[in-house]
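Structure first, then comments.
The values are calculated or read from the model by the stated rules, or taken from the named source; none is laboratory data. The structure presented is a predicted model; accordingly, all values stated were derived computationally and were not measured. Counting neighbours? That spans all protein chains shown, and the Cβs are built from the backbone with ideal geometry, glycine included.
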Amino acid sequence: MGKILFWIAVAFVVLLVLRLVNFAAAKARKAAKGPQEPPKAIPPAEPTVRCVQCGTFVPKSEALPAPTGYRCADPACPRRG
Ligand SMILES: [Zn+2]
């Protein structure tokens, strides 16, 4: 009986040592990699405006200002006025 307990204790010690070695290796890898870069921030979505001619939503930078609002740059868009 004492022999079984001894081997169980040995197994636990071996597992504990393996775990400690694994932690140390992981820590070393992380330290070697340097400080973690923060995840890249997602740029804020560009506001969209509605074309007063056809109703299509287009990014504001691509929209053409019109007297009554914005127009899309689509040549197929009907341009009345
Ligand atoms: Zn349009």
**Report entry** Among (1) at pLDDT below 85; (2) surrounded by 10 or more Cβ atoms within 10 Å (Cβ to Cβ); (3) within 31 Å of the chain's Cα centre (by Cα) - the single one Arg79 does not satisfy
**Finding:** (3)
Report summary line: Checked pairs for segment 39-51, first closer than 30 Å to Cys77 by Cβ, second in a loop (DSSP other than H, G, I, E, B), C-beta under 6 Å and 6 or more apart or across chains, list as Pro47/Lys60; Val49/Lys60; Val49/Ala63; Cys51/Cys72
Query raised in the report: If we scan segment 47-58, do we find a residue that is more than 16 Å from the ligand (Cβ to nearest atom), within 29 Å of the chain's Cα centre (by Cα) and not in a helix (DSSP H, G or I)?
Result: yes
Query raised in the report: Which one is farthest from Ala26 (Cα to Cα) among residues in segment 59-81 that are part of a strand (DSSP E or B) and within 12 Å of the ligand (Cβ to nearest atom)?
Result: Ala66
Query raised in the report: If Val14 satisfies every condition in (1) more than 15 Å from the ligand (Cβ to nearest atom); (2) touching a Phe, Trp or Tyr at 6+ places or on another chain (Cβ under 6 Å); (3) not basic (Lys, Arg) but one, which is the exception?
Result: (2)
